[in-house]
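Below: one structure, written as structure tokens.
The values are calculated or read from the model by the stated rules, or taken from the named source; none is laboratory data. Keep in mind that this is a model prediction, so the values were computed, not measured. With ideal geometry, Cβ positions are generated from the backbone for all residues, glycine too; neighbour counts draw on all protein chains shown. Calculation scope for accessible area: heavy atoms of the full protein, side chains included, ligands and nucleic acids excluded. Shrake-Rupley method; radii C 1.70, N 1.55, O 1.52, S 1.80 Å.
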Amino acid sequence: MRVRSLCALGLRPVAHLMMPSAVPASEQSIADAADALSQGRLVALPTETVYGLGADGLSAQAVARIFAVKGRPSDHPLILHVGSVAEAKKLAAHWPPSADRLADAFWPGPMTLILKRAECVPDAVTGGQDTVGVRVPEHPVALALLHAFSKVGSGVIAAPSANRFGGVSPTRAADVVLGLGDFLQAGDMVLDGGDCTVGVESTIVDLSRDQPRILRPGGLSRDAIARVLSGDLSQQDTSSMRSGATVPRVSGSLESHYAPRARVALVLPEQMGVMASQLLAQHPKYRIGLMPFQYQLLEGQVSDRRLVIHSMPDQAKAYAQRLYAVMNDLDRLGIDTLLIACPPQTVEWEAILDRLRRAAASVDNSPTMGK
Ligand code: TXA
Ligand code: MG
């Protein structure tokens, strides 16, 4: 029974019995997690990109619980994680030469390939589509769990990011517990493998059609993929550098996604101080979060105890690592409006810009409008 429903009955929950705590990854806890997966339980696991909410990817029943816990519509497909290229091939009905080239170059790593699905892949995973997303993650705990699970079960882990649908992905085990703990059941587990090193989700490359295309920019750069595909990459994709266009049925491509609860606005770095001051003056009760770059000396310009300032790294890699942790922290502080300094519009910032735009698209983009 969930903590909330106990409260509704007037009973005091015993917090440590109700809310699962994260278990440090060890040989024993990884073996326990593999057993849990083989029994249809959920296991939140670290990957190098973000934490995933894992279930046995070949069990429709186990996968159904992912959708319930995330609150995710059932037609949004899941990525299947496996421990090797050989296992990935078993999930695809057709494995084109481009898949070999990309897998050789970037797996294990932050890249998901979309391929025609094999018969063994349940409809529940693909949302009824004839394609499947597959990835070999690089995180040692994810790989160890996949290995252990291949001994006692299918070795295939379906895992979306371990957050409620539409929200901010977790890059720390504590964020998983705080975000999903209320929805997990006895026997489910959260494995703690430390903070994610990439910090944004995998790059999704669709190889199921004539020409490869990127459906979601992510931890692996478009340039790296284009180099390996030597010019075969379609320009008609969701590049946020060009159009911000969306592709149907890729939930990560919904305009509003990856969004904190606060109203988010992307602002020019040099305008942040003035906008913050205006907001404070207009809304005396607001708590305002600011995410300037480290080089901005904002603290001198605006000082008010209703402001919470998280300075962000100037380098894209370091920025990506921090992004979701900062957003999750600000969310928990009950920030009303979050002003984020807009990064440069260059290829190395593409995935970050994509996520920031989607976070800002969740609400009216004007920070002076009512919520
Ligand atoms: O880095 C990541 O990709 C993380 C870690 C846990 O691996 N996973 C992740 O999963 O971000 P999720 O479910 O939050 O986002 C996966 C995206 C969704 O937007 C989904 O719609 C898309 O991948 N996707 C999955 N299978 C697909 C398919 N067959 N065709 C098109 N898009 C697909
Ligand atoms: Mg997600």
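The order of Val274, Val136 by accessible area, most exposed first and with a 1.4 Å probe, is Val274, Val136. In terms of distances greater than 19 angstrom between alpha carbons, the cross-link table entries Lys89/Lys116; Lys89/Lys317; Lys90/Lys116 yield Lys89/Lys317.
State in Å² the accessible area per residue of the stretch 33-173; use a 1.4 Å probe, count heavy atoms of protein chains only, and round to the nearest integer. It would help to have the intermediate numbers written out before the result.
Details: 4630 Å² over 141 residues.
Each residue of the stretch 33-173 exposes 33 Å² on average to a 1.4 Å probe.
Placing pseudo-labels 7 Å out from each Cα toward the beta carbon at Arg209 and Gln315 gives an inter-label distance of 3.7 nm.
Computed from phi, the 3J(HN,Hα) profile of the stretch 193-206 under the Karplus parametrisation 6.51, -1.76, 1.60 (θ = phi - 60°) reads x, x, 6, 5, 8, 7, x, 10, 5, 5, 6, 9, 10, 8 Hz, with x in place of Gly and Pro. Full extension of the segment from Ala174 to Arg332, taken as 0.36 nm per residue of separation minus the current Cα-Cα distance, would add 55.7 nm.
Partners of Lys285 within straight-line reach, counting lysines whose Cα lies under 18 Å from its Cα and excluding those fewer than 8 residues away in the same chain: Lys371.
Each part gets one Cα centre, and for the stretch 39-53 versus the stretch 72-98 those centres are 16 Å apart.
For Arg101, the accessible area of its heavy atoms, probed at 1.4 Å with every protein chain present, is near 90 square angstrom. Taking amide H atoms as placed 1.01 Å from N in the peptide plane, the amide H of Ala93 lies under 5 Å from those of Lys116, Arg117, Ala118, each 5 or more residues away in sequence or on another chain. The Stokes-Einstein estimate for the stretch 58-216, based on a Kirkwood radius over Cα pairs and taken at 4 °C with 1.567 mPa s viscosity, is a diffusion coefficient of 80 µm²/s.
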